[in-house]
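Participant: Below you will find the structure I want to go over with you.
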Amino acid sequence: MTDTLTPSRDDFAALLEEQLQGRDFGEGQVVHGRVVGIEKDIVIIDVGLKTEGRISMREFGQGEDAKLPKVGDNVEVYLERVENALGEAVISRDKARREEAWTRLEVVFAEGQPVNGAIVGRVKGGFTVDLGGASAFLPGSQVDIRPVRDVGPLMGKEQPFQILKMDRPRGNIVVSRRAILEEARAEQRTELVGQLQEGEVREGVVKNITDYGAFVDLGGIDGLLHVTDMS
């Protein structure tokens, strides 16, 4: 470090590196911070850089279920830049939540487990699903086993989805509701087949009519009612 009273850019960079040495955070990562102040709708957070960052209160949620921070609370934020032109750290709670969600979903995807989410919007070719902080694409063909004319009743309703594909660098997640329904239907069909007995009477719902008969849903498995057996 130079002894001059006007340090160069290299001197400043060396000083910053010395301050960051041994710390477990850097730009582009989720770091721990502490709320040191709240000014109207702005939350001031110290992330240990001898400088503070500011986040809009909206990033912590809205509505009755929102958990708003208080002075002294520890929070996790995404560090975009150590310092901007105003000498403040550039941080984001939304991006931290997104990173947390991606980490959680990668584990779920690797284990082949379903994940809960809610359909929140319509886009070209399908729908947008909120997976608790990360957005996913639900193709129209993956909404249900059969074509759905009205998706309204499914909007905003938390339900399970199967993750088909994840690409973190591109930020793409593709999910399927149909896969969940098909798995449940297969289990139901296996159970029903084990219960069926020749000669018993069961009620069913006519699903399709053809020239040679009708297909009847017996509660998970389709049976053919031949035209010669109709009255």
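Participant: Based on what the data block shows, is Val201 exposed (fewer than 14 other Cβ atoms within 10 Å of the Cβ) and either modelled with pLDDT of 80 or more or part of a helix (DSSP H, G or I) (or both)?
Facilitator: Against the criterion (exposed (fewer than 14 other Cβ atoms within 10 Å of the Cβ) and either modelled with pLDDT of 80 or more or part of a helix (DSSP H, G or I) (or both)), Val201 does not qualify.
Participant: Taking the stated definitions as given, is Val71 assigned to a loop (DSSP other than H, G, I, E, B), out of contact with any Pro (no Cβ under 8 Å at 6 or more places or on another chain), modelled with pLDDT of 80 or more and not assigned by TED's automatic domain parsing to the domain that holds Pro169?
Facilitator: So Val71 fits the description; yes.
Participant: Those residues that are over 13 Å from the mean Cα position of the chain (by Cα) and of a type in the set (Lys, Arg), I need them from segment 89-111; list them, please.
Facilitator: Correct list: Arg93 only.
Participant: I would also like to ask the following. Go through segment 12-31 and report how many residues are modelled with pLDDT of 60 or more and either over 19 Å from Asn84 (Cα atoms) or in a helix (DSSP H, G or I) (or both).
Facilitator: 1
Participant: Taking segment 96-151 as the region of interest, how many residues are under 11 Å from Val175 (Cα atoms) and modelled with pLDDT under 90?
Facilitator: 0
Participant: Under 7 Å by Cβ, and 6 or more places apart or on different chains, what pairs join a residue from segment 129-145 that is in contact (Cβ under 8 Å) with a residue 24 or more places away in the chain with one that is assigned to a loop (DSSP other than H, G, I, E, B) and surrounded by fewer than 17 Cβ atoms within 10 Å (Cβ to Cβ)?
Facilitator: Pro139/Gly125; Val143/Val151
A quick yes/no check of all residues on (1) within 28 Å of Asp130 (Cα to Cα); (2) exposed (fewer than 14 other Cβ atoms within 10 Å of the Cβ); (3) not assigned by TED's automatic domain parsing to the domain that holds Asp144:
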{"site": "Gln162", "(1), (2), (3)": "yes, no, no"}
{"site": "Val174", "(1), (2), (3)": "yes, no, no"}
{"site": "Arg189", "(1), (2), (3)": "no, no, yes"}
{"site": "Val205", "(1), (2), (3)": "no, yes, yes"}
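For every residue, the table says whether it meets (1) closer than 30 Å to Lys95 by Cβ; (2) among the basic types (Lys, Arg).
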| residue | (1), (2) |
| --- | --- |
| Lys124 | yes, yes |
| Gly132 | yes, no |
| Gly156 | yes, no |
| Leu164 | yes, no |
| Asn172 | yes, no |
| Arg177 | yes, yes |
| Leu192 | no, no |
| Gln197 | no, no |
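Participant: If you go through segment 74-115, how many residues are loosely packed, with under 11 Cβ neighbours inside 10 Å and either assigned to a loop (DSSP other than H, G, I, E, B) or on the phi > 0 side of the Ramachandran plot (or both)?
Facilitator: The total comes to 4.
The values are calculated or read from the model by the stated rules, or taken from the named source; none is laboratory data. Predicted, not measured: the structure shown is a model, and the values here were computed from it. So basically every Cβ, Gly included, is an ideal-geometry build from the backbone, and we count neighbours across all protein chains shown.
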